[in-house]
Amino acid sequence: MALNPFFLQGSSSEQRLVQDLVNEHLRIYGVEVIYIPRKFVNKKTVIEEVQSSRFDDNYAIEAYVNTYDGYSGAGDILTKFGMSLRDELLITISKERFEDFIAPFLGAEDDGTGEGEIILSTRPREGDLIYFPLGQRIFEVKFVEHESPFYQLGKNYVYELKCELFEYEDEIIDTSINEIDTQVEDEGYITTLKLIGVGRTATAISFIGGIDPGPSGVTINSGYIREIFLNNDGYGYTSRPVVAISTSPVGGDINNATAVAITTSKGGIYSVERIYLTNAGAGYTVPPTITISGGGGVGAAATCSIETTYNGLMRIVITDGGVGYGTAPVVTIAHPSVGAAATASIGVGGTVNSVTITNPGTGYTGTPTITVSSPPTRTGVISTSTLYNAGSGYSLGQYTISPYSGVVGVGGSQAVIEVTSINGSGGITGFSTTYGGHSYESNDYYRLNGGNNLGIIRIITTTTGIGITATVDATISGGVVDSLAITNPGSGYTVAPTITISNDDSIKDSVLARATGIASMGVEASTNVVRSIWISNPGLGYTSAPTITIASPEGMTGIGTYLFNEIVIGSRSQTRARVKSWDKDTNILEISNVGIGRTQLGFFVGEAIIGTESGAIYSVDPLGGFNQMDTNDKYSQNDEIEEEADLILDFSESNPFGNY
């Protein structure tokens, strides 16, 4: 035998002693650092290149700082891209402590979202992070030396980690330790969103017919353009062409029809796509002439038809352009005939006991659909109760209850109690709850209304109740809604429900036609207000100016406070990003890790940005609200260097180094 048999040369007890001494040494002379493992969020499928990483776990461990005289490495150096910090850190940690208290938690994992892959979990891994408390700095592990000191008593006892100051790119750092996560709050590729705290819905009014320019001031009720036909879309248009319509025979600018052309690109060649009316005109007896000119193109031609019997929508005037629109809102124009309306009332038990027609409407040729709003979810519904005082003078039947101030008795509404048995004096011997009402409190007392002597029940427990939506049918006669019948009274209503009677074209007089309009945000590149409403169909059969309803902008009223590191989602684009910072005073939201949504375009201006944890909702300001090119990287100062260099070397006039 080569080794001396009288010495153990590395028994388990000797190895245990050395490991314990190492561990104790680290506890005495070391510092506590935070070990943060890297998780691979996304990798390319071909060469397995990591595209993004996530750091969301943290493990405290003691470590000995080998470079006791300061950071090693190149230090702070000036590069052509700006100041670069090259500090390095060499630390030693216990092999046993890592394998016992960190490694078991670093197995390959999947949190259900496809994120969170960790590999090589038996030892510290290159690419993981170390949070060093001095200066609150984050270092990246560049190399793990696991054989120094080498093979003492047949075993290795420590890991030596060679670390370099971490240069943040677009990694996700969410360890739940604020002093770590906020180290990169102002670093990396940051997108700025200017959000709107309060939006405002646009409003408009409509006009039918023009005004006779003569002294009589008679309203003209017909002779408007009914439809424009695009006979030739032309080609070569570089801007919107001008649409000119011959003047009305009755004179007066208000009676002259006007229109606007919309162009589109087909194979790189711009042509006229459609023509919308801005004023349908009035007083025309024959179809006017339409001329399309300008815009750099040729060939577009259109004709039109007129309506001389019925009246239609002539023009729409914006009274308030609103605030906060990112895209043109939907415009709804009332039907030329009046829609019916009704109200409802509720009785004992939260049921609908009557409906009353407040307006029978006009022009109905088919039976309208009646929609009754659903009852709310009720709290404080009587679940169990017991008899507290039998009272007297009661008979079998239903009774309502009221708070009994003699004991306590507060709140409560609409409950119905069924007396099922009584004694000879009319005292209650049995009862049941027919309807539990709402807003009652447990362990409270209530009296049964009626009887000669108070019967009192004690509510033991309450619950939550969901009612049944009532249904109503309508009948029509002579073009109006002449009756409404309750087919199901429903239950659980605490207030009278809303009754909505449909007014669709499908159940209206076929002679009548609803007008349609298209909202325009104007020709400006950036605007958040509605500039005008173009008429795509002036309708037919209006006897009064219809109501114009413009949809509200998203995020009408901004609410909530975005949380650092939470995920926000665009309501329409479905783009996801991570919050860097939120300034409520300026409504500036800084985000990173912007993912591409289903539209592949990122965030939309005007869409609502929803915080998944905070529930905060604000909309993107269309006036320059989305700047995807913002960056904030302390290691990169290209713009500043270029600006300073331009002050020294002027390339705008000639080559400062001479010509050849």
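The values are calculated or read from the model by the stated rules, or taken from the named source; none is laboratory data. These numbers were taken from a predicted model, which means no experiment stands behind them. Methodologically, a virtual Cβ is constructed for each residue, glycine included, from the backbone with ideal geometry; neighbour enumeration extends over all protein chains shown.
Going through the stretch 8-22 one residue at a time, which ones are surrounded by 12 or more Cβ atoms within 10 Å (Cβ to Cβ), part of a helix (DSSP H, G or I) and of a type in the set (A, V, I, L, M)?
Leu17, Val18, Val22
Six or more apart or on different chains, Cβ under 7 Å: which pairs go from a residue in the stretch 567-580 that's under 18 Å from Asp621 (Cα atoms) to one that's surrounded by 18 or more Cβ atoms within 10 Å (Cβ to Cβ) and of a type in the set (Phe, Trp, Tyr)? Could you list them?
Val568/Tyr562; Gly570/Phe603; Gly570/Phe604; Arg572/Phe604; Ser573/Phe603; Ser573/Phe604; Thr575/Phe603; Val579/Tyr562
Where in the stretch 526-619 are there strands (runs of 3 or more DSSP E), lying fully within it, with 2 or more residues that are in contact with a strand residue (DSSP E or B) (Cβ under 6 Å, 6 or more places away or on another chain), at pLDDT 85 or above and closer than 30 Å to Ile180 by Cβ?
567-570, 576-583, 588-592, 608-611
Residues of the stretch 363-374 being more than 35 Å from the chain's Cα centre (by Cα) and either under 13 Å from Thr475 (Cα atoms) or surrounded by fewer than 16 Cβ atoms within 10 Å (Cβ to Cβ) (or both), which ones?
Scanning the stretch 363-374 gives Tyr364, Thr365, Gly366, Thr367.
Filter the stretch 432-445 for residues that are touching a residue at least 24 places away in the same chain (Cβ under 8 Å), part of a strand (DSSP E or B) and polar (S, T, N, Q) and give the result.
Within the stretch 432-445, Thr433, Thr434 meet the criteria.
Would you check if there is a residue in the stretch 438-456 being crowded, with 20+ Cβ neighbours inside 10 Å and within 30 Å of Gly312 (Cα to Cα)?
no
Here is a yes/no grid of residues against (1) within 30 Å of Leu387 (Cα to Cα); (2) in contact with a Phe, Trp or Tyr (Cβ under 8 Å, 6 or more places away or on another chain):
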position: Arg447; (1), (2): yes, yes
position: Gly451; (1), (2): yes, yes
position: Arg458; (1), (2): yes, yes
position: Thr463; (1), (2): yes, no
position: Val472; (1), (2): no, no
position: Ser477; (1), (2): no, no
position: Val481; (1), (2): no, yes
position: Asn488; (1), (2): no, no
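Could we say that Asn503 is assigned to a loop (DSSP other than H, G, I, E, B), in contact with a Pro (Cβ under 6 Å, 6 or more places away or on another chain) and touching a residue at least 24 places away in the same chain (Cβ under 8 Å) here?
Judged against the criteria, Asn503 is not a match.
Would you check if there is a residue in the stretch 93-105 being part of a strand (DSSP E or B) and either modelled with pLDDT of 90 or more or out of contact with any helix residue (DSSP H, G or I) (no Cβ under 8 Å at 6 or more places or on another chain) (or both)?
yes
Among the residues of the stretch 547-574, how many are hydroxyl-bearing (Ser, Thr, Tyr) and buried (at least 23 other Cβ atoms within 10 Å of the Cβ)?
Count: 1.
Against the definition (of a type in the set (Val, Ile, Thr), assigned to a strand (DSSP E or B) and surrounded by 13 or more Cβ atoms within 10 Å (Cβ to Cβ)), how does Thr247 come out, yes or no?
Taking the combined requirement at face value, the residue does not satisfy it.
Exactly one condition in (1) surrounded by 11 or more Cβ atoms within 10 Å (Cβ to Cβ); (2) modelled with pLDDT under 90 is not met by Lys142; state its number.
Tallying (1) surrounded by 11 or more Cβ atoms within 10 Å (Cβ to Cβ); (2) modelled with pLDDT under 90, Lys142 fails exactly one: (2).
Any idea which of (1) within 30 Å of Asn593 (Cα to Cα); (2) surrounded by 14 or more Cβ atoms within 10 Å (Cβ to Cβ) is the one Leu134 doesn't satisfy?
(2)
State all residues of the stretch 446-473 that are assigned to a strand (DSSP E or B) and of a type in the set (Val, Ile, Thr); if no residue qualifies, say none.
Within the stretch 446-473, Ile456, Ile457, Ile459, Ile460, Thr461, Thr462, Thr463, Thr464, Ile468, Thr471, Val472 qualify.
If you scan the stretch 163-197, which residues turn out to be β-branched (Val, Ile, Thr) and not in a loop (DSSP other than H, G, I, E, B)?
Within the stretch 163-197, Ile172, Ile173, Ile180, Thr182, Val184, Thr191, Thr192, Ile196 meet the criteria.
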